[in-house]
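The values are calculated or read from the model by the stated rules, or taken from the named source; none is laboratory data. No experiment lies behind these values; they were computed from the predicted model shown. Cβ: placed from backbone, ideal geometry, glycine included. Neighbour counts: every protein chain shown.
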Amino acid sequence: MTLKEYNDFVNAQKILVEIHDKPKVRYHNHEFLELTYVLDGSAKHTAEEHSTVISKGDFFIIDYHKYHKYQQIGTTPFTVMNCLFLPSLIDETLAGCEQLSEVVKHYLIKLDFYQLKDHPTNFIYHDDNGHIGALFQEVYAEYSRKPIGYLETIRSYLILILIHIMRQIKLPGSSDTGNEMVRFIADYVDKNYADKISLQEISGKYNYSLAHVSALFKSEMGMTFQEYTQSVRIKESCRLLINTSKKVAEIATLVGYTNIKFFNEVFKREMKMTPREFRSVYK
């Protein structure tokens, strides 16, 4: 398949699992997450201009829009298992998500991305005991046979693989590292999104300068406090739209919006469709 055909297929089906032994793959990026496990052989792998040699038992993850390529080394066919998937396969509330960081923070995984020593896509991992390889094989078997519930089973295996990846790059003693104030604020929003909350109130309560905390939060999180709050509320509203029959206005209130028109505007901006359209597509 061409790159466009890969993108179109994965966007339509949410997942593609395949085994191939191409000796060379040109520099490219894609509109999905890619988990790759090396089954045999060796190759020079280049991701965002950083090159390394990968061999049997190695595995890695490539994020949306991240360029990479590889070329076989030696005569042994370089054979890999590719699992290409959309974040919405993990959960429909991740529809439109294009960041691995959002996937691992999702309530089904619930890992603190900021406790990691680097971005997970910057590493090549090695399967020391064959456990990850066995999980990949289970994913491939489910995808190939497609028994009842195969997507739900694959989802579970993918979550396990992602958790194992995060464990390998978690900072030692990370509960005491990073910016505790920013993590506290993010956690506060995660738990109190339905209430009327403001950064001024939180910073004042703990005697921090609003300007300092605001700048620190944006630096650490890559978005403003308001943007983060909106994102948390919209993700929760997606979950309620999919898993309940509550009216849109009731859901808006439950996630912290008193103005239904404003809720609809924010939802459409975040999800590229209205709440009713989202429910009709994903429920």
Segment 222-250 residues that are closer than 14 Å to Arg269 by Cα and in contact (Cβ under 8 Å) with a residue 60 or more places away in the chain, paired with ones that are assigned to a helix (DSSP H, G or I) and of a type in the set (Val, Ile, Thr) (beta carbon under 9 Å, 6 or more apart): Lys235/Thr93; Cys238/Thr93
Checklist (1) farther than 16 Å from Arg276 by Cα; (2) free of Cβ contacts under 8 Å to residues at least 12 places away in the same chain; (3) in a helix (DSSP H, G or I) applied to Thr258, failing item: (3)
Segments classed as strands (runs of 3 or more DSSP E), wholly inside segment 16-101, with at least 3 members that are surrounded by 15 or more Cβ atoms within 10 Å (Cβ to Cβ): 33-40, 42-47, 58-62, 68-73, 79-85
Close pairs (9 angstrom Cβ cut-off, 6 or more residues apart or separate chains): on the phi > 0 side of the Ramachandran plot in segment 133-160, surrounded by 12 or more Cβ atoms within 10 Å (Cβ to Cβ) anywhere: Gly149/Glu142
Residue that is surrounded by the most Cβ atoms within 10 Å (Cβ to Cβ), among those in segment 209-233 that are more than 19 Å from Phe262 (Cβ to Cβ) and in contact with a Leu (Cβ under 9 Å, 6 or more places away or on another chain): Phe217
Set Gly41, Gly96: member being without any contact (Cβ under 8 Å) to a residue 40 or more places away in the chain and either within 30 Å of Asp187 (Cβ to Cβ) or more than 24 Å from the chain's Cα centre (by Cα) (or both): Gly41
Check on Glu236, closer than 21 Å to Lys105 by Cα and not assigned by TED's automatic domain parsing to the domain that holds Pro87: yes
